[in-house]
1. Of the numbered conditions (1) farther than 17 Å from residue 3 by Cβ; (2) in contact (Cβ under 8 Å) with a residue 24 or more places away in the chain, residue 45 satisfies every one except a single condition; which is it?
2. Quick one: in segment 49-70, which of the residues that are out of contact with any strand residue (DSSP E or B) (no Cβ under 6 Å at 6 or more places or on another chain) and farther than 28 Å from residue 119 by Cβ is surrounded by the most Cβ atoms within 10 Å (Cβ to Cβ)?
3. Please find, among 125, 100, 120, the residue that is under 22 Å from residue 46 (Cα atoms), without any contact (Cβ under 8 Å) to a residue 24 or more places away in the chain and in contact with a strand residue (DSSP E or B) (Cβ under 9 Å, 6 or more places away or on another chain).
4. Which residue pairs have Cβ atoms under 7 Å apart, sit 6 or more places apart or on different chains, and have a first residue in segment 83-95 that is within 10 Å of residue 105 (Cβ to Cβ) and a second that is surrounded by 12 or more Cβ atoms within 10 Å (Cβ to Cβ)?
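Derivation of every value follows stated rules applied to the coordinates shown; laboratory data play no part. Predicted model, so just to flag it, every value in this text is computed and none were measured. Here Cβ is always computed from backbone atoms with ideal geometry, including for glycine, and neighbour counts include all displayed protein chains.
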């Protein structure tokens, strides 16, 4: 048995338009921006949590990728969750050391990642056989 849930909604923008987009989404969501801004080494910036502890975050991506929104499915067993979503029709895009980038049957990207939201995961995750 393992558990998973959609834990993070990420708004992805290439570096060229990142600052303006980050300012926009911070204002739209009513969230102050972090003082430490994303870099190539740490491309994430948290904005706020939604009800249920789902996080809204920004990701600074490479200039070769179009702006998009993607979801992170967090899990206590990355391998089991990858197998589960592949069986549902997802396809593997890229396997990294501790997470994977996949696409749904329509081509929308998402990630399967280790637990990121702590207590919110424990409270809201779904258990799978």
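1. (2)
2. Step by step, filter segment 49-70, then rank; the result is 65.
3. Working: 125 fails: without any contact (Cβ under 8 Å) to a residue 24 or more places away in the chain; 120 fails: without any contact (Cβ under 8 Å) to a residue 24 or more places away in the chain.
Answer to the check: 100.
4. 90/102; 90/103; 90/104; 91/102; 91/103
Residues checked against (1) in contact with a helix residue (DSSP H, G or I) (Cβ under 7 Å, 6 or more places away or on another chain); (2) under 15 Å from residue 2 (Cβ atoms); (3) surrounded by 11 or more Cβ atoms within 10 Å (Cβ to Cβ):
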| residue | (1), (2), (3) |
| --- | --- |
| 72 | no, no, yes |
| 75 | yes, yes, yes |
| 81 | no, yes, yes |
| 86 | no, yes, yes |
| 106 | no, no, no |
| 115 | yes, yes, yes |
| 119 | no, no, no |
